[in-house]
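Asks: Pasting a structure here, questions to come.
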Amino acid sequence: MREWSPDTVARLAGGRLVARGDVGDGGPQRVSIDSRDVRPGDLFVGIRGERADGGAFAAQALADGAWGVLVEPPHADALGADAPGVVIAVDDPVVGLGALARMWRNELACPVVAITGSVGKTSTKDVLAAMLTQRLRTVANAQNLNTEIGLPLTILAAPIGTEALVLEMGMRGGGQIGELTSIARPDVGVITAVGPVHLELLGTIEAIASAKAELIAGLAPGKTAVVPAGEPLLAPHLRDDLTTITFGEGGAVDTLPDGLELPFASAHMRRNTLAALAAARAVGVEPHGRLAVALSDRRGQREALPGDILVIDDCYNANPMSMRAALDDLAATAHGRRVAVLGDMLELGPDERRWHREIGEHARASGVDVLVTVGSLAAEMGGDHTTADAAAAAALTKSLVAPGDTVLIKASRGVGLEVVAAALRGETE
């Protein structure tokens with residue numbers, strides 16, 4: 001972006017140049033949406049949110065040395081032609097941000113892999129980034145910056161010389177994956193799984209599959225789709241003009257190569273690794289040796305605590321598929337008592353209580369010794385101990401855990417179960 005002139009940035013963003021400032025013909029060095037984080041040379045994009053209108057902080061951003069601001073017309077016109085930096089008016093700054101990212105993706109001219117799915121997309125992204133980094137200068141979303149804001153920011157942060165982009169795509173409703181795909185223009189599209197997530201908004205599993213398959217629909221002819229083997233819900237969405245690679249049992253990629261060492265052993269992570277392997281091969285990389293995978297926070301990290309206590313911190317999110325996988329992993333790997341602290345799974349629609357009862361049955365079948373539930377929905381699991389919220393669960397779990405225990409902590413993000421892991425570590429607010 002450093003070579004883009006103010007006129008070019010305005011044109012690419014679909015905006016109107018209100019002020020040129022004193023920046024010459026050079027472009028911005030970085031893009032920021034947080035006025036508190038603006039550095040000299042940045043383009044500040046003022047986005048209207050639920051709590052605040054970012055455009056209201058445009059003047060402060062310029063005062064702090066921003067190269068320029070991209071804001072709604074009222075804010076841009078208020079700054080005027082004499083503003084100390086570039087001022088661009090655009091009707092929707094989010095759309096303008098996406099347009100800039102689309103053009104920067106083209107200038108990078110490197111392979112792009114996009115990943116979505118009901119479960120496993122963040123972990124698959126992390127594993128694939130580790131694979132590609134063995135050979136290519138790779139940029140991937142930090143944590144789960146996978147929205148119509150986070151994904152463009154990831155692309156725009158990729159420096160010249162980037163040799164691969166790995167982009168996770170999240171969604172809550174129809175059309176969102178299609179929008180992200182139009183920005184990323186991926187060479188490889190990966191769907192990790194289709195399951196009961198966001199049923200509250202989408203209604204049926206078939207509708208979820210259709211929403212995820214917007215990634216397949218958005219691939220240009222000749223590109224590559226990576227999908228789970230034997231997934232009937234995706235079959236109607238596959239295309240003859242794409243190369244389709246299946247992964248998992250019975251798929252084209254169903255085993256890991258000899259010599260590839262993984263820092264985890266769970267069945268669901270090995271499945272995510274197969275999806276990542278299929279994508280890596282699609283861009284010409286064959287991983288080898290030990291993978292240095294940095295998993296995003298609270299995605300199943302294992303932490304050994306004093307007293308031979310092992311905590312599995314998997315509390316970033318949860319749905320029926322990921323809950324079952326986590327319980328299976330607990331059953332397979334725990335050496336002492338199996339303690340599960342499970343909270344509400346949100347956005348499951350009218351059958352939400354049934355889904356929770358089934359998870360309770362699976363927990364018992366998996367040999368969980370102590371089940372602590374958190375929230376009114378999780379109470380349907382029929383745990384040994386029922387708590388109303390994360391704070392109560394943290395206090396109770398700390399009193400229950402004994403030396404040698406393995407403790408799984410998992411719930412939807414809104415439950416906030418990270419306080420349970422913190423309590424077990426002995427941390428205080």
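Asks: If you check 357, 353, 324, 337, which single one turns out to be touching a residue at least 60 places away in the same chain (Cβ under 8 Å) and of a type in the set (D, E, K, R)?
Replies: Numbers: 357 fails: touching a residue at least 60 places away in the same chain (Cβ under 8 Å); 353 fails: touching a residue at least 60 places away in the same chain (Cβ under 8 Å); 324 fails: touching a residue at least 60 places away in the same chain (Cβ under 8 Å).
Just a single option satisfies the conditions, and that option is 337.
Asks: Scanning the stretch 80-100 for residues that are part of a loop (DSSP other than H, G, I, E, B) and among the aliphatic types (A, V, I, L, M), which turns out surrounded by the fewest Cβ atoms within 10 Å (Cβ to Cβ)?
Replies: So the first thing to find is which residues in the stretch 80-100 are part of a loop (DSSP other than H, G, I, E, B), and the list is 80-85, 90-92.
When the remaining residues are screened for being among the aliphatic types (A, V, I, L, M), the result is 81, 83, 90.
Details: 81: 11, 83: 19, 90: 22.
It comes out as 81.
Condition check ((1) crowded, with 24+ Cβ neighbours inside 10 Å; (2) in a helix (DSSP H, G or I); (3) in contact with a Leu (Cβ under 8 Å, 6 or more places away or on another chain)) across all residues:
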residue	(1), (2), (3)
328	no, yes, no
336	no, no, no
353	no, yes, yes
361	no, yes, no
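Asks: Do you know which of the residues in the stretch 8-33 that are in a strand (DSSP E or B) and of a type in the set (D, E, K, R) is nearest to the chain's Cα centre (by Cα)? Give the derivation first.
Replies: To start, the set of residues in the stretch 8-33 that are in a strand (DSSP E or B) comprises 16-19, 30-32.
Now drop any that are not of a type in the set (D, E, K, R), which leaves 16, 30.
Numbers: 16: 33, 30: 22 Å.
Within the stretch 8-33, the match that is nearest to the chain's Cα centre (by Cα) is 30.
Asks: Pick from the stretch 280-316 the residues that are free of Cβ contacts under 8 Å to residues at least 60 places away in the same chain and outside any loop (DSSP other than H, G, I, E, B): which of them is nearest to residue 336 (Cα to Cα)?
Replies: 304
Asks: Return a yes/no flag: does the stretch 89-112 have any residue that is aromatic (Phe, Trp, Tyr) and over 21 Å from residue 188 (Cβ atoms).
Replies: Start the filter on the stretch 89-112 by keeping residues that are aromatic (Phe, Trp, Tyr), which leaves 104.
Adding the requirement that they be over 21 Å from residue 188 (Cβ atoms) leaves none.
No: the stretch 89-112 contains no residue that is aromatic (Phe, Trp, Tyr) and over 21 Å from residue 188 (Cβ atoms).
To keep it simple, each residue is scored yes or no on (1) in a loop (DSSP other than H, G, I, E, B); (2) surrounded by 21 or more Cβ atoms within 10 Å (Cβ to Cβ); (3) without any contact (Cβ under 8 Å) to a residue 40 or more places away in the chain; (4) not polar (S, T, N, Q).
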site	(1), (2), (3), (4)
210	no, no, yes, no
227	no, yes, yes, yes
239	yes, no, yes, yes
258	yes, no, yes, yes
270	no, no, yes, yes
278	no, yes, no, yes
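Asks: Which residue out of 150, 178, 173 is in contact with a Leu (Cβ under 6 Å, 6 or more places away or on another chain) and either over 23 Å from residue 281 (Cβ atoms) or crowded, with 24+ Cβ neighbours inside 10 Å (or both)?
Replies: Values: 150 fails: in contact with a Leu (Cβ under 6 Å, 6 or more places away or on another chain); 178 fails: in contact with a Leu (Cβ under 6 Å, 6 or more places away or on another chain).
That would be 173, the only listed residue that is in contact with a Leu (Cβ under 6 Å, 6 or more places away or on another chain) and either over 23 Å from residue 281 (Cβ atoms) or crowded, with 24+ Cβ neighbours inside 10 Å (or both).
Quick note: the coordinates plus some simple rules give every number you see, no bench work behind them. Every value quoted in this text rests on a predicted model; they were computed, and no experiment measured them. Positions of Cβ are generated from backbone atoms using ideal geometry, with glycine treated the same way; all protein chains shown enter the neighbour counts.
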